Each structure stands twice: as C-alpha cells, then as structure tokens.
Amino acid sequence: MNRFEPQYAGGGRQQTCMQTMTPEPKTINVLLAGNAGVGKSYLLNSIGGDFKSGFSLVDGLTTKCSYCDVTLGTMDVRLVDVPGLLEATDENVKRNAKAITEALNMKGEFKMIIVLPEGGGRLLPPDMFVSCKVLEAMGFSIEVGLIINKVHEDDLENYNDSVRDKILAELNKLAEGKINSSWFAVIPRFRKDNPKGPQPLMTELLSKIISQEIPKVNPVESSVEEFNGFVQFLEAFGDRVAVVWKNFVAWVKTWSKK
C-alpha cells in the first residue's frame, strides 16, 4: 500500500481529503498531467478542488501529491493534484517523477487528461516529453484527454479543426494513438469578469471521458540530461516525429547503462 502525506489544507468547499494514498474501490480518479505552470491545480480548483495555485518564478508550486473527493453533478470523483515533471534540478525532477508514479498507482479507475500550454498551435519539446513519459508509465494502455490551457481570447478562433487535428496527429505519433480526439478542450486565460472560469468546459470534458483502469504502472523516471537528449533527437529527426520516441527510448536504455 502506497501512502503519503497530502499537501492539501482544508478550505471552504465541500470535500473530503484523505490521509492515505489508496482510495476506496470504484473510486474515479481525475488526474491532470503536464509540466509546472500549465495550470493543472487551477483547473482542478475550478471544479471543486482547493489546491495551492498561483505564480512561481522558477519551479512549480505543487511538490507533492494531494487529493480530495468532490461531487460533479451526479458523479463522485477524486481530484488528484500532482507536480509537473520537468524543473531546473535533477533532485526536483526525480521528486516529481516519484510523486506522479505514486498517483498513477492509486486504486480505482482514472479519467486522465494531459494539459499543455498555449504554444501558437505548436507542440513544445517539454510538453511532448512529459506527455510521452506519463503515457509510457501507463504502458500506453489507456486513452487520455487533452487540454490546451491559457489561450488568449484573441487566439481562440485560431484553434480551428485543422489546427486541433494537427496537434493531435503530432502528439499521437509519439503517444501511440492514445490521445482521444473527442476529449479535446481549448481553455482561455482567466478573466475576472468570468467567475465560473473553466468550470463548464472542465465538467463537459470529464463527462465525455471514459474512466479506465491502468493495468500496470511503470515507474516514471527522468532527469534534466535525459530531457536534453530528447531535444537533440527532435532536432536530429526534424518533422519525422513518428520515429523520435522509439529511437530516444533505445538511446535512454543505452545511456542509462553507462
């Protein structure tokens, strides 16, 4: 049984935060994966969470797994807040990788979403990297949703069907087709005159995503040097994204033996 001390400190919302890493059977875990600063905690807070969220100059604010139980309409779910993977030091990257692995090992089914920042209609190397690391840890066994977050209101119209299809196709070449095209949302930046924020879009997206069990979890392992190697592979293979991850994984196995 995996246990941890949750980071959550109680707030005003109705929720139950537990002191154990192992939920009750048939729990539906809502887990958002992505790098630090993409807005995972903010999105979870919009649907009832009370996680630490805000601006951080260097590393992410979330450093541990934390979770709480909420009700979304008729659906009882457990919101799971995890740190981003990549940070400035190997110590922090390994700490975050361990926390993500613990979260993926929670009992119950998962509604998984990868959160990416707005990148001008392009996938950035750090986001490609963390997406593949999380999917690889799950053995590429379940489909996941995708959110493009913090999009400027003037740019929302640029995310038409062709741009969305391009992003999904590029990521799915790396992710072995596990990003579900129907579970895709583009969320604008926060506006004070919109008190509901992303809550309607988050609720709608989660209602579409099918909860699935992760049959086996492989440990998430990473380092700053490994990410730098991934960037070099992207530069070497250019637009041949389909071969990047397989060649990169082979390189990592060789490099890790040194």
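For residues in region 60-76 being out of contact with any Ser or Thr (no Cβ under 8 Å at 6 or more places or on another chain) and closer than 21 Å to GLU102 by Cα, which is modelled with the lowest pLDDT?
That would be GLY60.
Using beta carbons and a limit of 6 Å, which pairs, at least six apart or on different chains, have the first residue in region 190-219 and more than 18 Å from ILE47 (Cα to Cα) and assigned by TED's automatic domain parsing to the domain that holds GLU118 and the second one of a type in the set (Val, Ile, Thr) and in a loop (DSSP other than H, G, I, E, B)?
Once the first residue is more than 18 Å from ILE47 (Cα to Cα) and assigned by TED's automatic domain parsing to the domain that holds GLU118 and sits in region 190-219, its partners that are of a type in the set (Val, Ile, Thr) and in a loop (DSSP other than H, G, I, E, B) give GLN212/ILE142.
Considering (1) in contact (Cβ under 8 Å) with a residue 60 or more places away in the chain; (2) in contact with a His (Cβ under 9 Å, 6 or more places away or on another chain), say which one LEU104 fails and leave the rest.
Condition (2) is where LEU104 drops out.
If we scan region 76-91, do we find a residue that is charged (D, E, K, R) and within 13 Å of ILE28 (Cβ to Cβ)?
Within region 76-91, one or more residues are charged (D, E, K, R) and within 13 Å of ILE28 (Cβ to Cβ).
Determine whether region 155-167 contains at least one residue that is modelled with pLDDT under 90 and crowded, with 18+ Cβ neighbours inside 10 Å.
yes
When the residues of region 104-114 are filtered to those that are in contact with an Asp or Glu (Cβ under 9 Å, 6 or more places away or on another chain) and over 11 Å from MET138 (Cβ atoms), which remaining residue is surrounded by the fewest Cβ atoms within 10 Å (Cβ to Cβ)?
Among those that are in contact with an Asp or Glu (Cβ under 9 Å, 6 or more places away or on another chain) and over 11 Å from MET138 (Cβ atoms), it is LYS107.
On the given criteria, is GLY10 more than 14 Å from the chain's Cα centre (by Cα), loosely packed, with under 14 Cβ neighbours inside 10 Å and at pLDDT below 50?
Spelling it out, GLY10 is indeed more than 14 Å from the chain's Cα centre (by Cα), loosely packed, with under 14 Cβ neighbours inside 10 Å and at pLDDT below 50.
When you look at ASN180, is it under 26 Å from LEU234 (Cα atoms), crowded, with 21+ Cβ neighbours inside 10 Å, at pLDDT 85 or above and among the polar types (S, T, N, Q), yes or no?
no
The values are calculated or read from the model by the stated rules, or taken from the named source; none is laboratory data. In this text, all values refer to a predicted model and were calculated from it rather than measured experimentally. Cβ coordinates were reconstructed from backbone atoms using ideal geometry, including for glycine residues, and neighbour counts include every protein chain displayed.
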